[in-house]
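Let me begin by presenting the structure, written as structure tokens, before commenting on it.
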Amino acid sequence: MLTVPSPVVELSDDRLRGIRLLLKRDDLIHPDIPGNKWRKLAGNLAAAAEQGSRTLLTFGGAYSNHIAATAAAGWHFGFDTVGVIRGEQHLPLNPVLARAVEHGMRLTYLDRTRYRAKHDPALLAELTAEFGPFYLLPEGGSNALAAEGCARLAAELVEQVSDVDVVCCPVGTGATLAGIAGGLGTNRRAVGISVLKGGGFLADDVEALQRSTFGHATTNWLVADEFHFGGYARRTPELDTYIDDFATRHGLVLDWVYVAKMMYGLFTMIADGRIPAGSTVVAVITGRCEDLARPQSDLLG
Ligand SMILES: *Cc1c(COP(=O)(O)O)cnc(C)c1O
């Protein structure tokens with residue numbers, strides 16, 4: 001049911017300036033639990049089961065991929081799920097929340113002020129009174145077990161592409177980058193492209209996640225924060241043109257919230273020499289993209 005290890009495909013493109021670029025197709029892991037959402041949930045599902053928890057409760061915005069993936073994971077792996085959604089209820093439900101409900105998720109809503117208190121024990125006690133005991137997944141699912149899952153992704157990748165020099169991924173909370181960098185070892189670098197505006201705090205978050213996951217922070221990563229296109233879930237005509245152009249050249253329609261911003265940032269850093277010629281670079285396709293056609297012969301396994 002899960003496509004792990006996820007396949008690696010090489011991209012040929014005349015803009016690569018002597019760089020070998022491969023795509024790690026984590027988006028193909030599972031149709032409902034793609035990419036880094038599966039990597040981040042796997043260890044948490046095991047921990048929840050070990051603790052005898054039957055219910056997963058988590059937090060997110062109304063369009064959160066993490067909410068959708070948690071609902072699907074509960075459905076497929078036998079957990080009840082509760083989604084605590086930021087803001088007011090809007091009916092009819094948007095497609096993300098409607099699908100979550102189809103996957104059995106119960107939804108509850110918190111206004112923005114109360115949502116900000118999501119770590120408050122009093123709020124968690126109220127949620128326990130309403131929904132019964134639960135295994136708590138933080139917003140975005142980003143905890144040490146999540147980063148560990150992403151470190152395993154890095155280990156899997158090194159098995160597939162032993163000469164990889166640089167791994168590139170998008171950054172939301174930073175757990176994916178923290179885990180990948182930690183799992184790569186010191187001779188390889190990780191480059192994260194922030195999809196948030198004003199994400200200067202992200203480096204601190206990545207460091208903190210690495211310390212809680214590995215006991216120390218590593219120095220083999222950076223966050224580039226000039227490729228957010230106006231901020232989270234914002235898009236511009238330039239980004240849309242890039243997505244169309246990439247689809248024409250490679251047959252892959254990039255997810256615009258995360259993956260397209262990463263790819264744009266990566267190609268910019270290749271063009272301006274920040275990624276040195278001669279490098280082998282792997283871009284992690286962390287979430288759902290649409291294949292226009294995928295010849296199986298492209299798959300390196
Ligand atoms: C959630 C998500 C991310 C962000 O991952 P973080 O670990 O929060 O940085 C990146 N890409 C996709 C496709 C996502 O859905």
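Quick notes
- Take every Cα pair under 8 Å whose residues are at least 6 apart in sequence, average their separation, divide by the length of region 54-133, and the relative contact order is 30 percent.
- For the chain, calculated [θ]222 nm from helices alone, where every DSSP H run of n ≥ 4 adds -39500 (n - 2.57): -12500 deg cm²/dmol
- The dipole here belongs to region 54-133: it is taken about the Cα centre, uses +1 on the Cβ of Lys and Arg and -1 on the Cβ of Asp and Glu, and is about 180 debye.
- Among L110, L91, F229 the positive-end extreme of the charge dipole of the chain (Cβ point charges): L110
- Averaging 1/r across all pairs of distinct Cα atoms in region 189-248 and inverting the result yields a Kirkwood radius of 13.2 Å.
- Excluding the site residues themselves, the longest part of the chain lacking any GluC sites (Glu not before Pro) in a DSSP loop with at most 12 other Cβ atoms within 10 Å is 89-225.
- By the count of neighbouring beta-carbon atoms within 10 Å, fewest first, L292, L145 end up ordered L292, L145.
- Ordering of 106-118, 192-204, 16-28 by packing [mean C-beta count within 10 Å, highest first]: 16-28, 192-204, 106-118
- Rounded to 10°, Cα long-axis angle of helix 175-184 versus longest principal axis of the chain: 50 degrees
- Degrees between helix 65-77 axis and first principal axis of the chain (Cα, 0 to 90, nearest 10): 70 degrees
- For F201, net neighbour charge (Lys/Arg +1, Asp/Glu -1) across residues whose Cβ lies under 11 Å away: -4
- Computed about the Cα centre, the dipole magnitude for the chain is approximately 260 debye when only Lys and Arg (+1) and Asp and Glu (-1) carry charge, each at its Cβ.
- Between the residues P121, N143, A260, the greatest Cα displacement towards the positive end of the dipole of the chain, with unit charges on the Cβ of Lys, Arg, Asp and Glu, is found for P121.
- As a rough footprinting exposure proxy, the listed residues I180, I243, I67 were ranked by other beta carbons within 10 Å of their own, and the order from fewest upward is I243, I67, I180.
- Computed across the chain, the Kirkwood hydrodynamic radius from all distinct Cα-Cα pairs reaches 19.7 Å.
- Span from the region 63-122 Cα centroid across to the region 152-177 one, whole angstrom: 28 Å
- Charge sum, other residues only, whose C-beta stays under 12 Å from Y135's C-beta, Lys/Arg counted +1 and Asp/Glu -1: -1
- Least to most buried among H228, H66 (fewest other Cβ within 10 Å first): H228, H66
- Taken over region 54-133, the convex hull of the Cα atoms encloses 80 Å³ per residue.
- On Cα atoms only, tilt of 202-214 relative to the major axis of the chain in degrees: 80 degrees
- Taking other residues whose beta carbon is less than 15 angstrom from the beta carbon of P92, and scoring Lys, Arg as +1 and Asp, Glu as -1, yields -1.
- Highest-first arrangement of 34-44, 263-273, where packing means the average Cβ count within 10 Å: 34-44, 263-273
- Here T108 and E50 are evaluated by their C-beta separation; at R0 = 25 Å the FRET efficiency comes out at 0.45.
All of the numbers you see were taken from the coordinates with simple rules; none came from a lab. Every value quoted in this text rests on a predicted model; they were computed, and no experiment measured them. In this analysis, Cβ positions are derived from the backbone assuming ideal geometry, glycine residues included, and neighbour counts consider all displayed protein chains.
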